[in-house]
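Remarks on the structure that follows.
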Ligand code: BTN
């Protein structure tokens, strides 16, 4: 499939503080075309979720941000997150890997993180007007000092081509974006098909206490639905931590 708009306008940088920041600034110009991508070989102040720093070595990870202008109702913001996680997961699985989406939107292989996503939306009149989708994928980083992370090269036994992987991401984002706009139930279905530990036991930590539960689903508000001692419980992002 040839991409019609995602990645048709690409800004390639060697070094930048954060591709998300760079694209946020550029997108203040309303005429910036939807599907514009900023890619960098190195980020000096990469941003992660919950104000964390995203650490990546130069040339050893994929760092990219995509501009979309979805005009979706804010009530669908988690569906929008689902579509992005799904697209990144599918792009990685193109290499015959078994990557999964760890709620809410991390990409895992086995029980280690291989990719992270940071979506920064601007809302106007209850619509997601602009979305800056930041994607970081560990390609061949030194993972020996990062016990909870892995890289694609570790599993593939060779370093995948970053350009090829980027194009796979663009294709999947574009394909799923059309699905999201036409028939969003498919996105929800596919997200669940790829959900890490779905119907499996997982250990969690909440307010200093450990508990086990069976991951059932993710609801439309983005809460993780877990069966704990026979009862369904609903957790918000940041409320529980997965324990391995
Ligand atoms: C996370 O899992 O905490 C999210 C990590 C997101 C990292 C990417 S790398 C490209 C883009 N620019 C940033 O500053 N962050 C995102």
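Contact map, segment 17-33: residues that are over 18 Å from residue 46 (Cα atoms) paired with residues that are near the ligand (Cβ under 10 Å from one of its atoms) and modelled with pLDDT of 95 or more, Cβ distance under 7 Å, separation 6+ or inter-chain. Pairs shown: 27/132. Exactly one residue among 180, 205, 190, 224 is over 25 Å from residue 69 (Cα atoms) and either in the same structural domain as residue 107 (by TED's automatic domain parsing) or buried (at least 16 other Cβ atoms within 10 Å of the Cβ) (or both), and that residue is 224. Yes or no: residue 94 within 15 Å of the ligand (Cβ to nearest atom) and either in contact (Cβ under 8 Å) with a residue 24 or more places away in the chain or not assigned by TED's automatic domain parsing to the domain that holds residue 24 (or both)? Here the answer is no, as residue 94 does not meet what is asked. Scanning segment 101-130 for residues that are within 16 Å of the ligand (Cβ to nearest atom), buried (at least 18 other Cβ atoms within 10 Å of the Cβ) and more than 13 Å from the chain's Cα centre (by Cα) returns 109, 112, 121, 130.
Does residue 71 fit the bill of being more than 10 Å from the ligand (Cβ to nearest atom), surrounded by fewer than 21 Cβ atoms within 10 Å (Cβ to Cβ) and assigned by TED's automatic domain parsing to the domain that holds residue 165? It would help to see each step written out before you state the result.
Numbers: more than 10 Å from the ligand (Cβ to nearest atom): yes; surrounded by fewer than 21 Cβ atoms within 10 Å (Cβ to Cβ): yes; assigned by TED's automatic domain parsing to the domain that holds residue 165: yes.
The answer is yes for residue 71.
When you check residue 158 against the structure, is it exposed (fewer than 15 other Cβ atoms within 10 Å of the Cβ) and at pLDDT 95 or above, yes or no? Considered against the rule, which asks whether it is exposed (fewer than 15 other Cβ atoms within 10 Å of the Cβ) and at pLDDT 95 or above, residue 158 comes out as yes. Considering only segment 43-61, I want to know if a residue exists there that is over 11 Å from the mean Cα position of the chain (by Cα), under 30 Å from residue 182 (Cα atoms), within 16 Å of the ligand (Cβ to nearest atom) and buried (at least 16 other Cβ atoms within 10 Å of the Cβ). Checking segment 43-61: not a single residue is over 11 Å from the mean Cα position of the chain (by Cα), under 30 Å from residue 182 (Cα atoms), within 16 Å of the ligand (Cβ to nearest atom) and buried (at least 16 other Cβ atoms within 10 Å of the Cβ).
The values are calculated or read from the model by the stated rules, or taken from the named source; none is laboratory data. None of these values were measured; they are calculated from a predicted model. Glycine also receives a Cβ, built like all others from the backbone with ideal geometry; neighbour counts cover every protein chain displayed.
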